[in-house]
Amino acid sequence: MAAQVTVSKELLFERVRTYINEQDSIDMIDKAYNFASEMHKDQFRKSGEPYFYHALNVAYILATLQAGPQTICGGLLHDTMEDCGVSYETLKKEFDEEVAKLVEGVSKIGSLKFQDEKEYLAANHRKIFIAMAKDVRVIIIKLADRLHNMRTLMYHTEEKQKKIASETLNVYAPIAHRLGLAEMKNELEDLSFMYLERDRYYEIAALLEAKKSERQEVIKKMIIDIDELLSDKKLIFRIFGRSKHIYSIHKKMEKKNRSFEEIYDLYAIRVITQTELNCYEILGHIHNKYRPVPNRLKDYIAVPKPNMYQSLHTSVLDNNGNLFEVQIRTEEMDRIAELGVAAHWAYKEGKYNSKAEQKEIENKLGWFHDMIGLLDDLEQDHPTELVDKIQKDIFEANVYAMTPKGRVIELPNGSTPLDFAYRVHTEVGHTAVGAIVNGALVPLNTVLKTGDVVNIRTNKNTGPSEDWLKIVKSATARNKIKSYLMKKETEARAETIEKGEKLFAEELKKRNLDEKLYFDKNRLESIYREFSSNNYSEFMYAVGNKSISLQQVVDKLTNTKGQVLDNEALTRLFQERVKKRPRTVSEAGVIVEGIDSMMVNVAGCCMPVNGDEIVGFITRGSGIKVHRRQCPNIASESSRLIEVIWDNSADYLYDSWLRIDATDRNYLISDIITLISQFKLTLNGINSEVMPDKINVHVDIKIKVKNLEQLKNVMANLKKINSVVDVNRIIR
């Protein structure tokens, strides 16, 4: 792990001045330093040190990546919105809109809470991906924030250490890897590993230390030999040994099921030279002197990794049988290998343009573009599903196939030419009829390997079938196939409904019945249920596919003698049938008129209780969720809302989460629990969190109440408890 340094204002500005000289930029960073210092002045971390030290360290990490002045300001100010109550408008006024947007973007990550831990983490990660798609600098700041938090994780409880370390290993380290931030990724992995598997971490660390002197001697001799070899060839280069980080050794031992002694590339050497041609020349000289290991040569210069990494990798045996991994690259390649995407958005005096840099990053990182596409394609997915799909399609993808023109397409393991086709373009996927892989015609279910050159054959007169869903591996392809099939089904359904309307009209005309009288949608509603239909569309669809007898339909709309009912009689018939129509009452006592086949549950985010103004939201696959009408989670919805009402004919109990803001004191929790018991209410959950100032506390309680009136009464009495400042319902 990287050596820790004590960061001061002087050290930060010393680092900043190595690449930023414009006085306006220096002044803005200085202003952000003073502003953040003032805002955090009364706040302390669990370690006991001033909270501002954290912001200072985040800014320093960003400066080591040569971040621009706005990004460094964002690092200094990243917690002022959430922890100090500073508004967006204030930051925009004091600094500029770009700084305000960066701080807001960082603040939004992790700002929501969910009852279910997995759902909370998934929703949080979804926001990370969305924020990254909007402006990669937001995630760079968040990564710097997480790195310093991991460096100071020892001050938390063991349970919280494992929770944070697990999230870091599963989400933040892969993002750092995909952005090419190698050193940051390695340190995040090693720190996470140490907290998650402490014994294993120190076991490998001890083995490394025990072999350290022996390894150094072997590497030193190899460096001298290669140095002499390349110097004789009059090449300009620099050479040094490098060590594997602990987590990568653990993963290799685990993946290959080998002991520490059997992991063969602990000996590693890097050669840095001037040009690409020099790289290949050095490779030739090394292979000429040392025996290369078959199938271990990787040319990432000709075919860069999706995170822009370029280098030649080869494994060779020295004269004593020691196995070395040798990396050969140019100075620029080495800079990108160390800084990743940061090497491209590194600040350039007077030339920085955030929009242009963001577009450049999107163009250079193929996976970044794919991720944005996935976010668009899967926006309706549940957070856990979305995160799983992005992690499998983007962060766990390690098959690199190519188009005939040399474009590298990154795919998950097990992917087929169909996955490849959809990653190239949606229309290429929809019209695929065959594939040529490495010059040979293959079936569409062929599993692709790294290095395969894939040419997709298309035919505009064809389209996906349901069988394709069994072939594809990636969420991208699967989602696009489903969307295509759904669209085709919708179009076919619309045609059948139109056909049903024509057949119904013809039947009425055949019987000399008044079309206007019998074709009224509201009047037809009175007989839907008798034909197992929920609405007009379902009814006409059944007529169109002839699963309903038109003769029976017309008989239902006439009297038993087959005579036409007049307007008044038909209206009475309609009203009688509506009265007899079933209604759904959910387990929580919510009535949904005319629906008896869908799940109906109260939403877990706003948790309405009887007496709240409510509305139903038709989900995809989970029935109807009942929300408070003012719930922010449905604020942008309109087409999928349905009217619902409370059922007052029986007693129901409703869950409700309350947030109690108070000044911390002894027996506060005891007093809260006592009051709840006095009301004879069920207490199903209680969580408390002391704020960073170690003065205030949040206490969240989950109780069951009969209705809104009872809930308001409980809240009013909770406010009377000594040291309680406020009580509010939580929207998660």
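Quick notes
- Electrostatic tally near residue 100: other residues with Cβ closer than 11 Å to its Cβ, Lys and Arg +1, Asp and Glu -1, net -3.
- From phi via Karplus (6.51, -1.76, 1.60), per-residue ³J(HN,Hα) for region 6-12 in Hz, x at Gly/Pro: 7, 8, 10, 4, 4, 5, 4
- Segment residue 467-residue 338, length gained on full extension (0.36 nm per residue, minus Cα span): 42.0 nm
- Working from label points 7 Å from Cα in the Cα-to-Cβ sense, the residue 673 to residue 427 distance is 6.6 nm.
- Fewest-first ranking of 207, 188, 711, using other Cβ atoms within 10 Å as the exposure measure: 207, 711, 188
- Loop-resident sites, region 1-55, for chymotrypsin sites (Phe, Trp or Tyr not before Pro), counting at most 16 other Cβ within 10 Å (DSSP): 19
- A cut-off of 5 Å between modelled amide H atoms, ignoring neighbours fewer than 5 places along the same chain, links residue 197 with no other residue.
- Residues whose placed amide H lies under 5 Å from that of residue 43, excluding near-sequence neighbours: 51
- For region 207-339: rounded, prolate or oblate by the Cα gyration tensor [a/c cutoff 1.5]: oblate
- Vicinal HN-Hα couplings computed from phi for region 706-720 (Karplus, 6.51 cos²θ - 1.76 cosθ + 1.60; Hz; Gly/Pro x): 7, 7, 5, 4, 5, 4, 5, 5, 5, 4, 5, 6, 4, 5, 7
- Overall form of region 603-707 per C-alpha gyration tensor (a/c, 1.5; a/b vs b/c): oblate
- Between residue 26 and residue 704, the distance separating the two model label sites (each 7 Å from Cα on the Cα→Cβ line) works out to 6.7 nm.
- Gyration tensor (alpha-carbon) shape descriptor, region 130-238, a/c threshold 1.5: oblate
- Of the trypsin sites (Lys or Arg not before Pro) found in region 403-501, the ones in coil according to DSSP and having at most 12 other Cβ atoms within 10 Å of their Cβ are 405, 407, 460.
- Spin-label model distance (nm) - residue 436 vs residue 629, 7 Å beyond Cα toward Cβ: 6.4 nm
No lab work stands behind these numbers, since they all come straight from the coordinates. What you see is a predicted model, and the numbers here were worked out from it, not measured in a lab. Neighbour counts run over all protein chains shown; Cβ positions are idealised from the backbone, glycine included.
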